[in-house]
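Presented below is the structure to which this report refers.
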Amino acid sequence: MRSWSPALSRALGVLLGAALVLPPGAIAHAAGVPVKIGVGSQGPISPQAMYQIEQVVGEIPGVTVVPIVPPGDLLACVRRFVAGERDDRLDGLVVVSLPPDLFKVERDSREASFSGSYDIYTLDLSTLAEDRHKFTFSDSEPVTGGMAAILAIPADLLAERTTGAKLISGNSWQAFQAVQARIEAKLVAATRLYIAGASIRNTRPLDPAQCAQRLLDAGEADAAIAVFKSAGIDNPQASAQMNQMIANARDRIRQTRAESLFGAALGAIAGGDADTAGTILASYEKEPAAQSSNAAALRNAIAAIRPSAPDTIGERTLREYIPGLDRAAFVATLKRAFAARTGTEPAAVELAASGVEIEDQRAVDGVKTQIDRYAGALAESAWLMSVKCGCEATATLKAGPAGAVLLQARSGPSSRSRQVGLP
């Protein structure tokens, strides 16, 4: 899922392996301990359908289902269900989502219909392994009532349906109710189909040390400290070890901050934005963890920025430093390079072994009016990814997590020739 600095990963591995020797019973790994999976929903899914989905997840051997209200993104889930109150601790999550902006109601004189997308998201809270799958659905029912009754049905019918209120009487309401029932049956069936082979089936009892290690690897030292503190509170005998880990995590915060600024400066250089690169360099040099050799390399590269020159100091600097960046720093590189060309920083950047996925709802309008800029930014992202992995790499621009693919690009590390096109 992520690519990090090898030296940092080895150091953290030695630290955790040597320091985290907790007393018996500190982490539940005993045979027969049930795995607690939180199951929650986002969007207008009825209580009846959620009950059936909870039953599907509960059919996994050794799993106990806990109904939850999802608190937000991955870090919010970690803070609530790993570093939060003991009674809130979970081992994994399953969140089902029916985004209101991704389904629609069709109204005409002949039928009532729904169509849309249904997302299933899973998270192992020890390994932080995530998985997401999207199903599309549609259904319709002939309408025998009058046109006025059809037009009276609001677009948020599914949301109001969860209250049990009868919005409209007569045949039109019965038609939509029939469609609603069949759609939710499809949602339950889709969940059952997905869960049958989902990675969440491999979830084991929560291991805070493993969770903290994953957070540190991802550059999320603040969240790792919260997990460390929680584990230390639960296990007073290990407090000295935890304090050492917290101190090292705080050092990692300083290092991550410096590396992210370094990566952002590299991104500005990749985008040809000397002014922004200089501003970021000034901030980088103020960081306690900044390295003078890195600062000197940035200064030389900024001074040598020349648009479209194939073998500048800037490109040589990128080729030298990009492969060693950790995930947080490389994400900062990609965001800044993208912003340098398009004028807006993307909402999210997801990395894979040989690909990068850039998500931003604003790009929907941006591509329509400035497609050359967005195509160039995506091509640059594919090239930076290829330099990072030393392989043929791809870049995809999406309109948000569940949005459509807008552009795709491909590049190799040895050439500045890139391919960009529509999906």
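With a 10 Å radius around each residue's Cβ, average the other Cβ atoms per peptide and rank 202-212, 84-94, highest first. Display every interim value, and only then the final one.
Details: 202-212: 21.2, 84-94: 18.5.
Ranked by mean Cβ neighbours within 10 Å, highest first: 202-212, 84-94.
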Fill in the blank from the handout: For the range 252-421, using Cα atoms only, the Rg and Dmax in Å read 14.9, 43
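Taking only C-alpha pairs under 8 Å that are 6+ residues apart, what is the relative contact order of the range 252-421 in percent? Intermediate results must be reported in sequence, preceding the final value.
Values: 337 pairs, mean separation 32.6, N = 170.
With pairs under 8 Å counted, the relative contact order is 19 percent.
Each reported figure results from applying straightforward, stated rules to the coordinates on display, with no laboratory input. What you see is a predicted model; the values in this text were computed from it and never measured. Backbone-built Cβ (ideal geometry, glycine too); neighbour counts: all protein chains shown.
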